[in-house]
Structures are given as C-alpha cells and as structure tokens.
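Each remark here refers to the structure printed beneath this line.
Computed from the coordinates by the stated procedures, all read-outs in this text should not be read as laboratory data. A quick note: this is a predicted structure, and the numbers were derived from the prediction, not measured. Reconstructed Cβ throughout: ideal geometry from the backbone, glycine too, with neighbour counts over all protein chains shown.
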Amino acid sequence: MKKIVKVVINLMVLVSAVMITKARTSAKVVTQVIVEKEEPIVIVMEKKVIEKDIAFNNANEKNIYNKAIEQGLTKEQAMLLISISRHETGAWTSKAFKNDNNFGGIMSNGGLKHYESYEEGLNDFVRILKTYYFEKDLNTIEEIGAKYCPVGAANDQNGLNKYWVGGVTNFYNYYLTLI
C-alpha cells in the first residue's frame, strides 16, 4: 500500500521592489513523497539558497563586496568594508583613491600608500581589514576605529578622526538595508 506524505516548507522570500523599499511575502512549497513500504522514512532535501541581488550604486561598492565575500568575510563585514572605503575616500572621489588606488586611507612610511593597480589596492584593503581587524576579533565600528583611525593620532593634524566612527556608522546602517 502506498502512502502519500506531504512535506511543507515555509520560506520567507524577500522581494525588493526598489533598492530601499522592501516587502516581505511568505510562500509554501509542498513536496509529495510516495512511501512504498512501512519503513522509517528518510527524506533528503537539497538546500537551495536564494540570494537576492544587491542594488549597489557603483562598481566600487560591488567590487569591494565581491572581494570581501571571496576572501571569506560575511555580508555584514563586506558592507562594513564598503562603508569604511566610502568614508575614507569621500565616496571614491579622493586623489588617494583616483591616483593611488588607495581604497581606505592606507598609510605607509608616514604617507598614503600607492598601489600600482586598482586590483592591488582592492586586494590589500580587504586583506588588511580581514587580517588585522576581523581575525583579531575587532568587529565593531568602534573597535576598528580605535585602531584604524584613532582620535589624536599624529597623522590627524586637522582633527578629523573624531568623525570617523559616526561617518562609517551612517554608511554602514544604509548598506545593511541592502542585504
């Protein structure tokens, strides 16, 4: 005698109508499994992850995000890297970014570090944050800022570092709405 067993899975599907406006809808997937014998039933289901596309405003955001994910960082960490880079480069308009491929105000020998290529600058930016911050358990904006951009640092002649945590936080809160 055959039995029909229904397996119901509830899914939350996040639908993005516009970049910032989001609506949540729920859907049910019903799978029928035919049981031939009265034996314990083992149902193996393939896990499918549906990723929603993130509507970035420019290629730099997308490139930082993709490089961070490629290097094993979480989505939240990737969004934090974008936030730091956007703050440090004035939304990728600074001379350091345009002329030196410097994604994050990275310093070397008392001055801004120059990278020969966009890719080299991107790789080093992600590597530095991953290696010297996230892997050292510095995960919050405040923890990172205290080391990355300390208030009163010798290279902060204009006293701008005091705005770093607030600026990065504002960008980060925006980017979190995209994931």
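Numbers for the structure displayed
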{"quantity": "Integer Hz, Karplus 6.51/-1.76/1.60 couplings in order for the range 98-109, x for Gly and Pro", "calculated": "5, 8, 10, 6, 9, 7, x, x, 5, 9, 8, 6"}
{"quantity": "Cβ-defined net charge surrounding S108, 11 Å radius [Lys, Arg +1; Asp, Glu -1]", "calculated": "-1"}
{"quantity": "Highest-first arrangement of 82-89, 93-100, where packing means the average Cβ count within 10 Å", "calculated": "82-89, 93-100"}
{"quantity": "Links that overshoot a 21 Å alpha carbon limit, given the list K113/K136; K62/K130; K75/K98; K130/K162", "calculated": "K113/K136; K75/K98; K130/K162"}
